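The structure appears below as structure tokens.
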There are 2 protein chains.
Amino acid sequence: MTAPATPAAPADHQPSQGALRDFLGLLGYAGLGSFALLARDAARAPEIRTQLVFSRMAAGELAEIDYVEQLVMEHGGAFDQLLATYQDLLNDFMLRAVPRDWWERLMRSYVGYNLLQDLLRTLAEGLPAALRERTEASVGKSGHDDYVAALLAPVLAAEPQLASRLGLWGRRVVGESLTLVQRLFQEHPALVELTGGEGEPAARISHLVGQLQAEHSRRLQRLGLNA
Amino acid sequence: MTAPATPAAPADHQPSQGALRDFLGLLGYAGLGSFALLARDAARAPEIRTQLVFSRMAAGELAEIDYVEQLVMEHGGAFDQLLATYQDLLNDFMLRAVPRDWWERLMRSYVGYNLLQDLLRTLAEGLPAALRERTEASVGKSGHDDYVAALLAPVLAAEPQLASRLGLWGRRVVGESLTLVQRLFQEHPALVELTGGEGEPAARISHLVGQLQAEHSRRLQRLGLNA
């Protein structure tokens, strides 16, 4: 449950069973929670096309869940109980960032869902090769960021007042998201093993949060906004 | 847009382009609407396992939507506009039958979603062979009825008061559903071509509604309830 004393081997270091299990649980519930988030966005979409696109993306979030369940069973874990340990964390995101309209809803997922994808991708770097490759092949491949950026950028360019409101809202959503990332590591300390770098857990988490913020800033710039 | 004057050929009669197009639109929006219905059920599920099962079923509803979109394009139709003509109809179902708790929610989909599957399967009998076979291979294969019956039947057997309440609620849901079936044929009269039997549209629709009611009764009996 603590960071390895020796520097991690660069190519294919082996995280502990606890770290592996916690990652699989996170990956599984991230799929299920992202399904719920994107399906809800789809249901509120003002146009059939957007409803179709988000519904398909939501369905895609479940593409790997059977594989993840299988892996958990092979490691002797109980999939449902494991996923349940992440349920509050991800549900809190939806409860703490309730959008007031369609634009805030789009922005919420643009910020929060994509930050979760970045988090999974970064943690995957600490996994054994086979699982790392399979995770990297699926995480963050929905095209959600491109689709929403193409939808939002022209609207925000034309409506400075909306841009200003969504800028503030985006800051609030990323704040809530990063608070939940901190809580994730408090509740599942073994996950720290999967973060890159060395040193104390607090420093490693801090480094990771910095990376997530940088990715977030790049995403906001695509909308013509500052993070 | 009227029923054929000659009796339909038994093996592989050709419905009009209008009937075919209307069916494809219904099939497409049934997928999208069922996705929304089951995803919402999943989000309210009290247990992770039920959430997983309903989420997967919801995702499965979109399995054929790319194929349906392709077919509509081949027939020179505009998929989004076509689907939009069914949007109100299926959304009305959710608005007119708002469940008060998880059991009513389960029952709503058990009655309404499965009746829609029966409707699609019955209309598919009037399609050209290739499309009929492809439709029959996908429609009604989610296992939703078996899953919900296994979940509900023991609870209802143990709680007569809940059984009585859900019996009344089921009657209301099937009433709303069959009203919407009538409206479907009013708004898309070409679909009557796909109903079995002969005679005037009103008689054919009436016959179909009878079939749907019989299937519904069988489904309620599996719960130990009377329709």
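The values are calculated or read from the model by the stated rules, or taken from the named source; none is laboratory data. Since the model is a prediction, treat every value here as computed from it, not as a measurement. Because the Cβ atoms are built from the backbone with ideal geometry, glycine has one as well, and the counts that use them run over all protein chains shown. Quick note on the areas: whole protein, heavy atoms, side chains included, nothing else; ligands and nucleic acids left out. Shrake-Rupley method; radii C 1.70, N 1.55, O 1.52, S 1.80 Å.
Tabulated results
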| item | result |
| --- | --- |
| Odd one out for residue B:104 among (1) more than 14 Å from the chain's Cα centre (by Cα); (2) open to solvent by less than 10 Å² (accessible area, probe 1.4 Å); (3) farther than 19 Å from residue B:173 by Cβ; (4) not basic (Lys, Arg) | (3) |
| Some residue of the stretch B:135-151 being in contact with a Gly (Cβ under 8 Å, 6 or more places away or on another chain) and part of a helix (DSSP H, G or I) | no |
| Single unsatisfied condition, residue B:93 versus (1) of a type outside the set (Gly, Ala, Ser); (2) touching a His at 6+ places or on another chain (Cβ under 7 Å); (3) at pLDDT below 95 | (2) |
| Conditions (1) in contact (Cβ under 8 Å) with a residue 12 or more places away in the chain; (2) part of a helix (DSSP H, G or I); (3) open to solvent by less than 50 Å² (accessible area, probe 1.4 Å); number of the one not met by residue A:175 | (1) |
| Filtered residues of the stretch A:154-184 (kept if polar (S, T, N, Q) and more than 24 Å from the chain's Cα centre (by Cα)) | A:161, A:164 |
| Hits in the stretch A:46-60 - residues which are open to solvent by 10 Å² or more (accessible area, probe 1.4 Å) and either touching a helix residue (DSSP H, G or I) at 6+ places or on another chain (Cβ under 7 Å) or of a type in the set (Lys, Arg) (or both) | A:46, A:48, A:49, A:51, A:53, A:56, A:57, A:59 |
| Residue check, residue B:87 in a helix (DSSP H, G or I), of a type in the set (S, T, N, Q) and within 15 Å of the chain's Cα centre (by Cα) | yes |
| Checklist (1) in a loop (DSSP other than H, G, I, E, B); (2) buried (at least 18 other Cβ atoms within 10 Å of the Cβ) applied to residue B:116, failing item | (1) |
| The stretch A:15-52, residues that are within 11 Å of chain B (Cβ to nearest Cβ), part of a helix (DSSP H, G or I) and of a type in the set (A, V, I, L, M) | A:32, A:36, A:37, A:38, A:39, A:42, A:43, A:48, A:52 |
| Any chance residue A:76 is more than 14 Å from chain B (Cβ to nearest Cβ) and over 27 Å from residue A:50 (Cα atoms) | yes |
| Residue match in the stretch A:74-81 (condition: in contact (Cβ under 8 Å) with a residue 40 or more places away in the chain, hydrophobic (A, V, I, L, M, F, W, C) and within 18 Å of residue A:139 (Cβ to Cβ)) | no |
| Matching option when the condition is crowded, with 18+ Cβ neighbours inside 10 Å, touching a residue at least 12 places away in the same chain (Cβ under 8 Å) and closer than 18 Å to residue B:18 by Cα, among B:123, B:152 | B:123 |
| Complete set of residues in the stretch A:66-79 that are open to solvent by less than 40 Å² (accessible area, probe 1.4 Å) and either in contact with a Ser or Thr (Cβ under 9 Å, 6 or more places away or on another chain) or in a helix (DSSP H, G or I) (or both) | A:68, A:69, A:71, A:72, A:79 |
| Qualifying residue in the stretch A:187-195 (condition: in a loop (DSSP other than H, G, I, E, B) and acidic (Asp, Glu)) | no |
| Checklist (1) out of contact with any Ser or Thr (no Cβ under 9 Å at 6 or more places or on another chain); (2) open to solvent by 40 Å² or more (accessible area, probe 1.4 Å); (3) at the interface with another protein chain (Cβ under 10 Å from one of its Cβ atoms) applied to residue B:63, failing item | (1) |
| Test: residue in the stretch B:191-208 that is on the phi > 0 side of the Ramachandran plot and open to solvent by 20 Å² or more (accessible area, probe 1.4 Å) | yes |
| Filter pass, residue B:221 being open to solvent by 40 Å² or more (accessible area, probe 1.4 Å) and either on the phi > 0 side of the Ramachandran plot or within 17 Å of the chain's Cα centre (by Cα) (or both) | no |
| Members of the stretch A:21-49 found to be more than 15 Å from residue A:119 (Cα to Cα) and hydrophobic (A, V, I, L, M, F, W, C), listed by number | A:32, A:35, A:36, A:37, A:38, A:39, A:42, A:43, A:45, A:48 |
